[in-house]
1. Count, please, the residues in the range 297-349 that happen to be more than 19 Å from the chain's Cα centre (by Cα), on the phi > 0 side of the Ramachandran plot and not small (Gly, Ala, Ser).
2. Of all residues in the range 205-226, count the ones that are outside any loop (DSSP other than H, G, I, E, B) and over 18 Å from residue 169 (Cα atoms).
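A short reminder: the numbers here are calculations on the coordinates, not readings from a lab. From a predicted model like this one, the values you see are computed outputs, not experimental measurements. When we count neighbours, we look across all protein chains shown, and the Cβ atoms used for this are built from the backbone with ideal geometry, even at glycine.
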Amino acid sequence: MKPADQFRLLELSERYADEKLSAMEISALEAELRDNADARTFFAKALHQRAELIFDDSWQTQAAAQGKPTSKPIWWRHAITAAAAACVTFGIFWLQSRRDGTVATLIRSQQCQWAGSSLPTVEGARLKPGMLDLIEGLAVLRFDSGAELVLEAPATVEVLDAMNCKLRRGTLVAEVPPQAKGFSIDTKDAKVIDWGTKFGISAGEDGKFMVQVLEGLVEVDDKSGTATKKLEKGQRVDRGWSKSLLNPAGDDPEPNRWQPTTVMDAGDGWQAITTAFGRGKDSYIQSSDKTSGDFGQHPFLRVKRSIEAKPELSRKGYIAFDLSKFSGRRINEAELVLTIEPSELGFASFVPDSIFVVYGVLDEAADAWEENGLTWQQAPAQDPSQAELHLPVATKVKRLGTFEIAQGINRGTRKLRGKDLVDFLAADTNQIATLIICRETNESAASGLVHAFATKENDTRSAPMLRVKLK
């Protein structure tokens, strides 16, 4: 670097530290530091020199009087160098934020759909304070402080500044590096302050929230007046969030238009039934000692393959269709339709694109299962002692096919059709068919997402549907 350039950067560093740069000078310096490694190095040295010059040397006089060494200790020099380097690293962001008011960057968007956002939603966009409303997919925000948030749809987040945001509803996972300690996430009824860690948080517009620490330490300030609580790795605080999901209330007395109790004409020779028709049913089982008797009343069935460390969290879905209206007629084509629901249990960040397998139960005597009494111990084609907790007993089922749900997807439908499904239905003799839905894909870390599908108890989404074309 030429002496003239060094002198110019030295002068700019002094004026930068004194906040006396014009807008044009800020723009030029920002570009130069980003594109020129030599300029960044010299700028760091200039800040280092300034820091040493303004350091309070009064301790040296005292040390000299006591006959002690007066040179600065090596740890101080290292600290100054590190601080100067950090200033260069974050100085660019500071300069840009000062110029245009931006405080974060949308660094990744995956399968995203947005609605009602006041901020740009293009990947790579710089963000000012404002609102992001994610209705589908995963999005990653990196704040200029270094804090990184993974938004899991549906989620609404208000960006406040480089050290603060507000989660209005939904779920996110936060990873906060040491330089961003103190980063906070506000909800309606809580404020979470991070001290350099990784944690997940879910919150609702009704004030219910849940915080789970994955690494490090966080501080949870409950606005209801409860004392501030510090949480370490593996700990959580749940203020009604999980309970509201596991025990949904249905207060609408009106008939559910989504769950027809008759055979529907689907057009072009196709007919359709749901699990709400006749003896149809839907439920799920969980590999926990705490068996529930009301899974059959939930508005969605849950499916999960848990890592070996949490085997009690594995889940499988069970559905049965009443085939009596098709008795005596040959099924030529068939299609299973499942409606995806956001379960809001676990974190989508910890589950990759997932493969699901649908099995048909071969033993017709097992079709008599009750949806409200179904348990891990006695469900059809189930061996609670087998190692592959996410699978049914292979000799008692027929594999009918697979479908995939990409990471971050929590809405829409998935369909399964083919010869195996047709042959399974054609072989039925008792006019009811039981299917099992399993997730083949494991979670990549504990607390991974539980996938969910609408059941006949759901008030807004269609129950599992079987479409058939008769010959």
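1. Result for the range 297-349: 0.
2. The initial filter retains those residues of the range 205-226 that are outside any loop (DSSP other than H, G, I, E, B), namely 209-215, 217-222.
When the remaining residues are screened for being over 18 Å from residue 169 (Cα atoms), the result is 213-215, 217-219.
So the count comes out to 6.
Every residue, every condition in (1) closer than 23 Å to residue 343 by Cβ; (2) in contact (Cβ under 8 Å) with a residue 12 or more places away in the chain, yes or no:
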{"residue": "373", "(1), (2)": "yes, yes"}
{"residue": "377", "(1), (2)": "no, yes"}
{"residue": "387", "(1), (2)": "no, no"}
{"residue": "424", "(1), (2)": "no, yes"}
{"residue": "437", "(1), (2)": "yes, yes"}
{"residue": "452", "(1), (2)": "yes, yes"}
{"residue": "459", "(1), (2)": "yes, yes"}
{"residue": "468", "(1), (2)": "no, yes"}
